[in-house]
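The values are calculated or read from the model by the stated rules, or taken from the named source; none is laboratory data. The shown structure was predicted, so the numbers you read here are calculated from the model rather than taken from an experiment. Here the Cβ positions follow ideal geometry from the backbone for every residue, glycine too, while neighbour counts run over all protein chains shown.
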Amino acid sequence: MSFRLYKEGQGRWARGALASIVFLVGLFASISLSQWFDGNGWGTDVLFTIPFLNIAIQTQSLLPPLILVPFLLGGYWYYNQSRVSDFLIDTEHELQHKVTWPTRQETVKNSIVVVITCIVIMGWIVLADQAFKALQTVVYH
């Protein structure tokens, strides 16, 4: 495993986001495992004691870092994996240079259309629900 970055400086945002997501999933798994240990009272036995410091190392304090480390290495590996990195670099380049982003005015107009459409559909669903409730009371009573 080389510690050189593949195509350093290219696709920093996309590659960093992927590495961060992998790290956050590992962190969530580690915290969940730690809370599970605490809630179940499992892993409280002392595995060993650090000499001269008299710090007892328990199973519940040793396993969560062992879960987090593979996620850290996986995030670093994905950051440097050539196929993944090239895809993310190309994606970021397209988003920056080839995508035509709408103006603020276009975004506001399109948002108003979406809100009005949602209100109309919501009204139709409420009316249909009321009609079916009325029909149900006529049929079953």
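So in the range 97-113, with the set limited to residues that are within 27 Å of the chain's Cα centre (by Cα) and surrounded by 10 or more Cβ atoms within 10 Å (Cβ to Cβ), which one is farthest from ARG12 (Cα to Cα)? The extreme case among them is SER111.
Exactly one residue among THR59, THR49, THR44 is of a type in the set (S, T, N, Q) and touching a Gly at 6+ places or on another chain (Cβ under 8 Å), and that residue is THR59.
Filtering GLY39, GLY75 for residues that are out of contact with any strand residue (DSSP E or B) (no Cβ under 7 Å at 6 or more places or on another chain), under 14 Å from PHE23 (Cβ atoms) and either part of a strand (DSSP E or B) or in the same structural domain as ALA14 (by TED's automatic domain parsing) (or both) leaves a single hit, GLY75. Tell me whether the range 63-77 contains one or more residues that are more than 20 Å from the chain's Cα centre (by Cα) and surrounded by fewer than 11 Cβ atoms within 10 Å (Cβ to Cβ). Checked the range 63-77: at least one residue is more than 20 Å from the chain's Cα centre (by Cα) and surrounded by fewer than 11 Cβ atoms within 10 Å (Cβ to Cβ).
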